[in-house]
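The structure under discussion appears below in the form of structure tokens.
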Amino acid sequence: MSPADIASPIRSIVRRSPNIRVVLGAVSAVDTAARIVVAGEHRIPYDTLVLATGARHAYFGHDEWEPFAPGLKKIDDATAIRRRILLAFEEAALASDPARRRALLTFVIVGGGPTGVELAGALAELARKALAADFRTIDPRDARIVLIESGARVLGTFPPSLSARAARSLARLGVEVSLGAPVTACDAEGVAVGGQRLAAATVLWAAGVAASPAGRWIGATRDKLGRIVVEPDLTVPEHPEIFAIGDTAAAPGVDGRPLPGIAPVAKQQGRHVARTVLARLAGRNAPPFR
């Protein structure tokens, strides 16, 4: 799909709202006492602040793996990954060494959460449908797609019945699922997992995330992933004028566990914050987020 089918420029989205100002900048600090956001040379005052700064990849202390195993967080990441995948098929079509061809047609996804499962399924459909008739010297349907999850099941934050259903769907697509052992090495030639070496020219990272530094900007209490621990209404403790949502926040669900970092949660939280701000302007109290 075209990137334009996935994301639209913020300016065009809000162009009919004259009360919205868009500023391009990298935030480096928040002065909570003066209620000012610092973005480069700009100092932007606020009455209410919403921190929705997302997350970045986490390699569990192995940041040197990032060049060999890129992650998917932005449109730029997606286009780079797409290019890497397509080039692997092109190189495989030219490879004369069978071992090298097998490595080029082996795709490893590290992490069996929502991103990893979706990537594995998309890769399988690309190889078995979209590219199936486009090559003469190779059969893209021979591509080996391996999803590695260190836990006991894929989609570990979801109910077991959904995990089982996802595993069956992946199996029907021809995806190999490796459970119960983490990746212990990663380089340009592939990965090591469970004491075994797996040669792969393309490795994609979906195993872990860490929150943005927003929690450090405001000195908030954070969980082990760096997410801001928020109140039931998604405000920051001792700062009712600051909200944290999406991957920035550790917001508990009805079972007390933090809600997963997926789009439906973030979108619902955004709507909740909007309703809360409007209620405050009208002098009313808003209910907690659910």
_Selection from the stretch 105-120 of residues that are surrounded by 24 or more Cβ atoms within 10 Å (Cβ to Cβ) and closer than 15 Å to residue 165 by Cβ_ = 112, 117, 120
*Residues being surrounded by 11 or more Cβ atoms within 10 Å (Cβ to Cβ) and in a helix (DSSP H, G or I): count how many of those fall in the stretch 272-290.*
9
*Please enumerate the residues belonging to the stretch 214-266 that are touching a helix residue (DSSP H, G or I) at 6+ places or on another chain (Cβ under 9 Å), in a helix (DSSP H, G or I) and either modelled with pLDDT of 95 or more or among the β-branched types (Val, Ile, Thr) (or both).*
214, 215, 246, 248, 265, 266
*How many residues does the stretch 23-38 hold that are exposed (fewer than 11 other Cβ atoms within 10 Å of the Cβ) and under 28 Å from the mean Cα position of the chain (by Cα)?*
3
*Would you please list the contacts, defined by Cβ atoms under 9 Å and residues six or more apart or on different chains, that run from a residue in the stretch 254-276 that is on the phi > 0 side of the Ramachandran plot to a residue that is outside any helix (DSSP H, G or I) and surrounded by fewer than 16 Cβ atoms within 10 Å (Cβ to Cβ)?*
none
*Identify, please: which residue in the stretch 156-166 is at pLDDT 95 or above and within 20 Å of the chain's Cα centre (by Cα) and is, among those, nearest to residue 123 (Cα to Cα)?*
166
*Of the criteria (1) touching an Asp or Glu at 6+ places or on another chain (Cβ under 8 Å); (2) touching a residue at least 24 places away in the same chain (Cβ under 8 Å), which one residue 229 fails*: (2)
*asked:* I'd like the full set of residues that are farther than 14 Å from residue 206 by Cβ and either surrounded by 13 or more Cβ atoms within 10 Å (Cβ to Cβ) or of a type in the set (Val, Ile, Thr) (or both), limited to the stretch 143-155.
replied: 143, 144, 153
*What helices (runs of 4 or more DSSP H) lie completely within the stretch 43-150 and have 3 or more residues being acidic (Asp, Glu)?*
75-94
*Give me the pairs, please: first residue somewhere in the stretch 51-64 and in contact (Cβ under 8 Å) with a residue 12 or more places away in the chain, second residue anywhere and outside any strand (DSSP E or B) and of a type in the set (Phe, Trp, Tyr), beta-carbon distance under 6 Å, and either six or more positions apart or on two chains.*
59/65
_Selected residue [over 23 Å from the mean Cα position of the chain (by Cα) and part of a helix (DSSP H, G or I)] from 17, 12_ = 12
*Select from the stretch 128-142 the residues that are under 28 Å from the mean Cα position of the chain (by Cα) and touching a residue at least 40 places away in the same chain (Cβ under 8 Å) and list them in ascending order.*
128, 131, 140
_Step by step: first the residues of the stretch 156-183, then only those that are of a type in the set (Gly, Ala, Ser) and part of a helix (DSSP H, G or I), then the one that is surrounded by the fewest Cβ atoms within 10 Å (Cβ to Cβ). Which residue is that?_
161
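The values are calculated or read from the model by the stated rules, or taken from the named source; none is laboratory data. Everything numeric here is computed off the predicted structure, so don't read it as measured data. Cβ: placed from backbone, ideal geometry, glycine included. Neighbour counts: every protein chain shown.
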